[in-house]
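Note sheet for the following structure.
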Amino acid sequence: MAERVQQPPAKRLCCRPGYSTTCRQGQRAGGTVCGGSGSGQGGSSKTQSPESLLDIAARKVAEKWPFQRVEERFERIPEPVQRRIVYWSFPRSEREICMYSSFNTGGEESATSGENVDETRLPFRRGIALLESGCVDNVLQVGFHLSGTVTEPATTSEPEMVCSVAISFDRCKITSVTCGCGNKDIFYCAHVVALSLYRVRRPEQVKLHLPISETLFQMNRDQLQKFVQYLITVHHTEVLPTAQKLADEILSQNSEINQVHGAPDPTAGASVDDENCWHLDEEQVQEQVKLFLSQGGYHGSGKQLNLLFSKVREMLKMRDSNGARMLTLITEQFMADPRLALWRQQGTTMTDKYRQLWDELGALWMCIVLNPHCKPEQKAAWLRQLKKWNSVDVCPLEDGNHGNELPNLTNALPQGAHDSGTRPHRTVFTRAIEACDLHWQDSHLQHIINDDLYTNYCYHDNTENSLFDSRGWLLWHEHVPTACARVDALRSHGYPREALRLAIAIVNTLRRQQQKQLELFRNHKKDLLHKGVTSITNLEGWVGHPLDPIGTLFSTLMETGRGDEDTASLDQAESRQSFSLEGESYLALAVETALMGLGQQRIMPDGLYAQEKVCRNEEHLIAKLQEVDLDDTLVKIFRKQAVFLLEGGPYSGLGELIYRESVPMHTFAKYLFTCLLPHDAELAYKIALRAMRLPVLESTAPSGDMSRPHHIVSVVPNRYPRWFTLSHIESQQCELASTMLTAAKGDARRLETVLESIQKNIHSSSHIFKLAQDAFKIATLMDSLPDITLLKVSLELGLQVMRMTLSTLNWRRREMVRWLVTCATEVGVYALDSIMQSWFTLFTPTEATSIVATTVMSNSTIVRLHLDCHQQENLASSARTLALQCAMKDPQNCALSALTLCEKDHIAFETAYQIVLDAATTGMSYTQLFTIARYMEHRGYPMRAYKLATLAMAHLNLSYNQDTHPAINDVLWACALSHSLGKNELAAIIPLVVKSVKCATVLSDILRRCTLTTPGMVALQLLDATIGAYINTTHSRLTHISPRHYSEFIEFLSKARETFLMAHDGHIQFTQFIDNLKQIYKGKKKLMMLVRERFG
């Protein structure tokens, strides 16, 4: 908090009417210690003697009455009475001091625990350390003012510091503090804590004086003059200017100071008009919140803001009026955040963590306005403030969206319901504004929270809103989130027992409603299933709701269950008949409430944030449930609720009839499955299998047997909604399936059922692939023999993935194919044979030859399967058949693989070769043909290689400037192959080369390699073609030549001359060629000069 050195101004003016200046002449102001004779601090005295009537009365007056009222009520107050009132006016509990000096409370017990090293830095901990190390000195209490010095010990980096501390207090609350340390923070500094705790723990060591005005009344004129002069002398440098100014004003008849009766006294306590509340530095609260918001969630600012919200809740629980005051300051800073306008302008949404802070803000205001004991004028002031914030354009909306940014695409509402265009504009404050209309005066509600006993009650089973159920338990019929908001408000404002009673009544009501809904569905089940329609019962889901009703009920019951009453039953803890729940524990109630809420069928809300909140709250609640150890009682509750959910019809998310856009139950069902499996496997599987459905991905409702558990009602069959969390939902569906697969290992019947459910309900190939991998891992654990049934499930899922991704692009496709072959290998040789027989439904021809057949034919597979010769041959035969089929279907990509796979079978190899020849003229490129030709040469088929090379040459076309083309090596190889085979082959291929290659350097290279053995006419044809290529290339290069390429061009002409000279009249041809160049390109003077220098 901002602590200032100057003393606070006096709160009121003090005078003593009826007393003359002479009535107390000669009396001297004396002082006694706080714990002097005739007094005792309640509870702190070591003796067992009872408190005096004076102390009891003084303590009560000190707690409730401002001292001015005491003075006005009684003409004369005896000095001993004044002293006892002043003594008891200082706070006696360390809990509030801790609350205002640290983020976490704990009072004396936690203050001495020292479990958390970081807590030693908190002002409260440091204050205790300073007190216990004797750093507090010069403690003086004058009236309602406490002062002292606190010495901060020297450290390696800081010298010793003595801080002057002053504290004002009233009615057991610290109302202002100042400290010379200059530290600025929301909370009291360690020095204020040390002085305060000194007064609390050692009151007998504090010298107590009456307010200074009382002491001055006891002085005569001489004493007063001496007092003033000594005061000025001691502090003349600070006080003298002020003293002279006051003296001048007092001596002036018309001065303002003389128009006022009495004089201020900073030690005289509070006036009647003063608000009685603990000191809270509003400026520092605003500055700190502003700072945290400006950091945008970095540097732990989000955590700090949450701690501030926790502090507000702590204040509310202590019934401290500063709770609402502090929340108002926080809200003002949130509303002033400049990012709100920026986000609104840009149309972007706020961050998730920031949205959660706004949610907490709205929830806290809900608690504040629902304070059961707040005054009407106070609620009216809050309502005005909330409406003011609510009307601001940038005020965040409850669902996290900006206006019509996201259309309502999941509006499966009954006829007459509002659509997104007509729904009211709801901000984070709307619910708090609406809650201002709620009251607590209902007589039945008062009976519930005050535990009043009804002398007579009447139960009517057919009455929808009966006040009791059949066993006499109290019920409370109200909108469930609103009723739970009342519970939260009672808890927040320090009424835990009242909150517990109302929570129990709400849970009883939910149970009764659940039973009634079940009976209603059973009575109309045939009609509903036949028609395939139902009505929406839950427009608002309880899990993920802004008011978190189920979380509130669960926390309220669990907090009681974890306390001293953990093993106590309700009929022991609550003696009244209305809460005698037949020995049922709070823990059991909490668990059942959570199960009812999680199993509620509810529509997926609009918008990314609202949908993420549904997932987040569901996972949070399940995490809380997982902390509970299940006993026999809880298992019975799980069984009961599981049956209710399965048979609950449209009221249950696990019922037979669900809406296409209902929130899926995968996460919840996985938890139920895990809990029920050891106790009732059949029920566990029923729950999990029912929850596997994901109707939002179904294009239409399935037809056929209406009684099947997977029957789905599709309200809007042709629309795909904007489910922003769909990928997360599908992953949870996958997790549920994986959990069932793991549990079903070794049970063929269960595995078959789970497999059917996966194939029917999961639509993502990546998730099915993950399940296939999971099943494979579980089936092949190292510590046991492979589970062949589970392996078959894994293979079946893998096959489904292959079929799903065959015609779509998937970056994991090669991984999937390789994995499937591995899985089939583990299943056995018949599985490998099967996938090869039906390869065209699973793989592309390339995958089938390059991955599947190649892997099957590898030595590692043969060794892994321990195949005999006959089995090897059968498998190889299937692989060859696959290879030939693939080669026929896609010769370009599969011919080489087919030849490789068929090497050991002459007939198959010849067939593959013929396929290549047939495809060579139409469907294959020169690159593919050259590759196969080289393969043939490598395998010892040079003539076949030559044949394929000639076919490849027919597809090739190298232009004059492609002297770095990758096919050049193939051309040179083909010529070398022909050269090695004989003159006839070489003579046959040269015309093909001349026709296909126009690049002079390539032709020149071939010419030099083949000159010695090439027949005359063929060699002449090649030479003419080479010379012609050089001439054409030269003219082409000269068209766009630049000076930096001149030297390179001269070298090119030198190579051309070498080729020209190979002809019998080459010298003459080259000379004519050069002359033509000089004539045609005479404008390129520099270049032609270089030509003349080199070639004449």
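Of the peptides 191-199, 208-216, 853-861, 94-102, the ranking by mean beta-carbon count within 10 Å, highest at the top, reads 191-199, 94-102, 208-216, 853-861.
Dividing the alpha-carbon radius of gyration of the range 1000-1096 by the rule-of-thumb value 2.2 N^0.38 Å gives 1.12. Counting charges near Y87 (Lys, Arg +1; Asp, Glu -1) among other residues having Cβ under 11 Å from its Cβ returns a value of +3.
Cut-off under 19 Å on the C-alpha distance; same-chain residues fewer than 8 positions from K388 excluded. Which lysines are left, in chain and number order? The reachable lysines, counting only those whose Cα sits under 19 Å from K388, are K379. Here the peptides 179-189, 386-396 are ranked by packing, the mean other Cβ count within 10 Å, and the order with the highest first is 179-189, 386-396. For the range 938-962, backbone nitrogen atoms closer than 15 Å to the point 7 Å from T1039 Cα along Cα-to-C-beta are found at 959-962.
Here's how it looks for L208: its modeled amide H is under 5 Å from those of T32, V33, C34, which are all 5 or more places away or on a different chain.
Please compute the net charge surrounding R199, taking Lys and Arg as +1 and Asp and Glu as -1 over other residues with Cβ under 12 Å from its Cβ. It would help to have the intermediate numbers written out before the result.
Details: positive: R92, R201, R202, K207; negative: E94, E204.
Residues near R199 contribute +2 overall.
So for the range 817-959, considering every pair of alpha-carbon atoms, how many percent are separated by more than 18 Å? Summing the P(r) of the range 817-959 above 18 Å gives 56 percent of all pairs.
Mind checking the alpha-carbon convex hull of the range 257-335 and giving the volume per residue in Å³?
144
In sequence order, the range 749-764 has phi-based couplings of 5, 5, 4, 5, 5, 5, 4, 4, 5, 4, 5, 7, 9, 9, 10, 9 Hz under the Karplus curve 6.51 cos²θ - 1.76 cosθ + 1.60, θ = phi - 60°, and Gly or Pro positions carry x.
Once you list every other residue whose beta carbon is under 15 Å from the beta carbon of S834, what net charge do they have if Lys and Arg are +1 and Asp and Glu are -1? Before the final figure, lay out each step's value.
Values: positive: K792, R803; negative: E796, E826, D833.
With Lys, Arg at +1 and Asp, Glu at -1, the neighbours total -1.
Near L958, the amide H atoms lying under 5 Å from its own belong to V997, K998; only residues 5 or more places off or on other chains count, and H is placed 1.01 Å from N. Provide, for q = 0.12, 0.22, 0.24, 0.29 Å⁻¹, the log10 of I(q)/I(0) from a solvent-free Debye sum over equal Cα point scatterers in the range 948-1013. Per q value, in the given order, log10 I(q)/I(0) is -0.25, -0.87, -1.04, -1.50. Each 5 Å bin from zero up to the one holding the largest Cα-Cα distance in the range 137-218 carries the following percent of pairs: 3, 13, 23, 24, 17, 10, 5, 3, 1, 0, 0.
Which order do peptides 676-685, 659-668, 80-89 fall in by mean Cβ count within 10 Å, highest first? Kindly include the intermediate steps, with their values, before the conclusion.
Working: 676-685: 16.6, 659-668: 25.7, 80-89: 21.7.
Highest mean packing first, the order is 659-668, 80-89, 676-685.
Averaged over its residues, the range 882-1038 has an accessible area of 45 Å² per residue, based on protein heavy atoms and a 1.4 Å probe. In the range 175-247, carbon and sulfur make up what percent of the accessible area (probe 1.4 Å)? Here carbon and sulfur together make up 59 percent of the probe-accessible area. Find the relative contact order for the range 885-1037 and round it to a whole percent, using C-alpha pairs within less than 8 Å whose residues are 6+ positions apart. Value for the range 885-1037: 17 percent.
Surface composition of the range 311-408: carbon plus sulfur atoms contribute 52% of the solvent-accessible area (1.4 Å probe, protein chains only, all chains present). Under a 5 Å amide H cut-off, with hydrogens placed 1.01 Å from N, T175 pairs with S168, F169, D170, H279 among residues at least 5 apart or on other chains.
The values are calculated or read from the model by the stated rules, or taken from the named source; none is laboratory data. In this text the structure is predicted, and so the values were computed from the model without any measurement. When we count neighbours, we look across all protein chains shown, and the Cβ atoms used for this are built from the backbone with ideal geometry, even at glycine. Keep in mind that these areas ignore ligands, DNA and RNA; they rest on the heavy atoms of the full protein, side chains included. Shrake-Rupley method; radii C 1.70, N 1.55, O 1.52, S 1.80 Å.
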